[in-house]
């Protein structure tokens, strides 16, 4: 599954069949970006007290995979087991989630 | 030499180039490292400044939001100024320029344009976000709808709350500023890492190059050492280093000259192989300090002597040598040749002088004297003698002995009893006691001895032997044997020549029939004796009735009578008396040191012998004698006349008698001989016989008239 990150958007497919999926994550820059995959009913994720960044602790087990910040131009892979459900792919570097860097994914049976 | 070819310089200091190359490499490497370090340090300082400014943008973005909120709440704040600093700094970070000072915080900062695509993209994004932030802030303060503010950094802001929207933009600006600062810092780290790697590389490279050059230096030094060793070892020059503890080095050629192994020479002191007499010379030269050339002798292991010319150089102060370097050449052949030439010159000189001296010797006695002087010159202390054969060549007689030493006393009697004469070559006996020594050397008065015997010959005929003796086992040296041989050769030649000459002379002055000297010789002798005042008696003899004998029995019988008379005269007179055939049947007898009366006695004995002699195929014959002596006459002619007077008076008196001649032919003079009265006087005198003889010097075999 191809995932493209750029300032400030994540482009990826929105539908997927359940199972183990390798996400090929390409950071097109110019800033550094991370990728967090969390199971969530909607794209509105809980925020920390700063009101800007997603509260990853609150997500708990909902977070199914993540990549640390990668430099512009980096191409990385993330292996994720997708159970059927709704997922949100987002970058949680300060302001990036709020700046629009999130994408939803529906995993079907 | 081939043009352009490098000359062979075995000891050229090639290592200097190598050492210079090593130093140059170190200098280049060090300069490069320092330059790189300075450059990298400069860049790192600049990057630190850039990082500081980039990081300051984070703080300014947050401050801008706070100042907008403060101003909105009616407090005093100047967000526009902060936005201006933010914008100017963002541009300065991207394209270079001055980042303005934050009041009461820092100063203006000059920056270079950012390099590297990643950081430049981030800074451009920062510029866009700063613009979006300041535009949003301005719209908020101006109460304009924020949704209408164009966002150029591709933000997709879902939040509607203006302040939240401003905070998100500030967070994005802050985040990108942070990441840009990180990227710059990482680039600085990378640069430092590169610098470290490069310096390590330079260090390793320099080390390798230095090791390579050092290896080249060692190889060159080793090559030079090998070359030096090869040159020294293959050189015919003899090299030795004498240190405090003896020999420290000896070249193979030196070891060969000394007849020892190289290792055997090490540690040995020069006294062990330098000739005793030359040690002081070597010591003086070694301690002289300055290089000095000397000549000395060394003794080989087998005792043989060699002559060396050497240059001694004192290098005891040189820590590489620590000794006296001896550089020598073997001059033995040259020295021996010079010695041989010197000896040859001495031999030639001796031979030449001897030849001249012998040439001046008129007779054998003179020659013997020369030989004796030569013996002294060869060796004054050596007993020497010259044994020569007599006229029969059957007996050896001692002709000359060394005047300064006892005669060796060789008992050899005959030339051919001498081994040297038989061999015809010199013989040297080391000891008279050896089995093969000449038996005549044994039992000498002086005990055991050595001997040299050199044959003396002339025209291939043995004349005798030159004999010298010495202490046992120490015979005369080679050179003295050579001189003895020269002496024997030249003495043989001269004595042979003198003898031949004397024989020829004798033959020329001898009567062929009787072997007696002729009247010319006798006359010369008599005149000489008269002149010298030497007293003598003179007799004239004449065979009686010789003509009759000839006529009756033939000339052969007459000749036999003449020969017999001559033999009988010889048997009666003394050695040293002179007998001559005067002519025909007339003879003269000179008796030195005798007077008339003494002569008469001898003549009477002669007359008696004649009467008893066996006569063979001819009858007995008698002779008449006239006698006088040198006291009665002043000259030869007078003397002859007086003797002749005696003879004629004997004839007149009846023959077969002896009559003393009278100086006066006029007065009566009676001489009683054998009881007979012999009358002499005038009228009885006829012409003196010698006058007749003078007319007939070479008498016919038939002789003269016999009365």
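Coordinate-derived values only; no laboratory data. As the structure is a prediction and not an experimental result, all values here were calculated from the model. For neighbour counting, all protein chains shown are included, and Cβ atoms are generated from backbone atoms with ideal geometry for every residue, glycine included.
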>> Once you place label points 7 Å from the Cα toward the Cβ at residue B:52 and residue B:339, how far apart are they in nm?
In response: 10.0
> Among rounded, prolate and oblate, which fits the range B:42-175 when a ≥ b ≥ c are the square roots of the eigenvalues of its C-alpha gyration tensor, a/c under 1.5 means rounded, and a/b larger than b/c means prolate?
Replying inline: oblate
>> What does the C-alpha gyration tensor say about the overall shape of the range B:363-440? Classify as rounded when a/c is under 1.5, otherwise prolate if a/b is larger than b/c, or oblate.
In response: oblate
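Per residue of B:170-181, how many C-beta atoms from partner chains lie within 10 Å of its own C-beta, taken as a mean?
On the way: counts 3, 11, 11, 2, 2, 9, 8, 0, 4, 9, 3, 0.
Per residue, the average neighbour count from other chains is 5.
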> How high is the FRET efficiency between residue B:75 and residue B:37 when r is their beta carbon distance and R₀ equals 60 Å, given to the nearest 0.05?
Replying inline: 0.70
> Using alpha carbons only, how many degrees (0 to 90, rounded to 10) separate the axis of helix B:636-652 from the longest principal axis of chain B?
Replying inline: 40
>> Over chain A, with a Gaussian network built from C-alpha contacts below 10 Å, which listed residue (A:25, A:37, A:64) shows the highest mean-square fluctuation?
In response: A:64
>> If you fit an axis through the alpha-carbon atoms of helix B:519-532 and take the longest principal axis of the Cα set of chain B, what angle between them do you get, 0 to 90°, nearest 10?
In response: 80
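Give me B:338, B:525 ranked fewest to most by other Cβ atoms within 10 Å of their Cβ, as a rough exposure proxy. Kindly include the intermediate steps, with their values, before the conclusion.
Numbers: B:338 12, B:525 16.
With the sparsest Cβ surroundings first, the list reads B:338, B:525.
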>> Helix B:364-378 against the longest principal axis of chain B: what's the angle in degrees, Cα atoms only, rounded to the nearest 10?
In response: 30
> Where both residues lie in the protein assembly as shown, what percent of DSSP beta bridges are antiparallel, nearest 5?
Replying inline: 90
> Between residue B:292 and residue B:428, what FRET efficiency comes out of the Förster formula 1/(1 + (r/R0)^6) with R0 = 41 Å and r the beta carbon distance, rounded to 0.05?
Replying inline: 0.40
> Using a basic spin-label model with each label point 7 Å from the Cα along Cα→Cβ, how many nm lie between residue B:435 and residue B:112?
Replying inline: 11.4
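Is chain A best put as rounded, prolate or oblate by its Cα gyration tensor, with a ≥ b ≥ c the root eigenvalues, rounded for a/c under 1.5, and otherwise prolate when a/b is larger than b/c, oblate when not?
Values: a/c = 1.78, a/b = 1.10, b/c = 1.61.
Oblate.
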> Okay, helix-only estimate at 222 nm for chain B: each DSSP H run of n ≥ 4 adds -39500 (n - 2.57), divide by all residues, round to 500 deg cm²/dmol; what do you get?
Replying inline: -17000 deg cm²/dmol
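Could you list B:264, B:362 in order of exposure, starting from the residue whose Cβ has the fewest other Cβ atoms within 10 Å?
On the way: B:264 14, B:362 10.
Ranking B:264, B:362 by Cβ neighbours within 10 Å, fewest first, gives B:362, B:264.
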> Under the definition of partner shielding as Cβ atoms of other protein chains within 10 Å of a residue Cβ, what is the mean value for peptide A:84-97?
Replying inline: 3
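Sort B:308-318, B:540-550 by the packing proxy (mean of other Cβ within 10 Å over each peptide's residues), most packed first.
Values: B:308-318: 17.5, B:540-550: 22.5.
The packing order, highest mean first, is B:540-550, B:308-318.
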>> Using alpha carbons only, how many angstrom separate the centre of the range A:25-61 from the centre of the range B:312-374?
In response: 123
>> Let's test the formula: R0 of 30 Å, r as the Cβ-Cβ distance of residue B:480 and residue B:264. What FRET efficiency results, to the nearest 0.05?
In response: 0.15
>> Taking the number of other C-beta atoms within 10 Å as the exposure measure, put B:298, A:22 in order starting with the fewest.
In response: A:22, B:298
>> Under a crude label model (7 Å from the Cα following the beta-carbon direction), how far is residue B:638 from residue B:510 in nanometres?
In response: 3.6
> So how far, in whole Å, is the C-alpha centre of the range B:424-448 from the one of the range B:503-542?
Replying inline: 47
> Can you give the mean number of other chain Cβ atoms that lie within 10 Å of the Cβ atoms in peptide A:5-13?
Replying inline: 3
> Which whole-number percent gives the relative contact order of chain B, counting Cα pairs below 8 Å spaced six or more residues apart?
Replying inline: 7
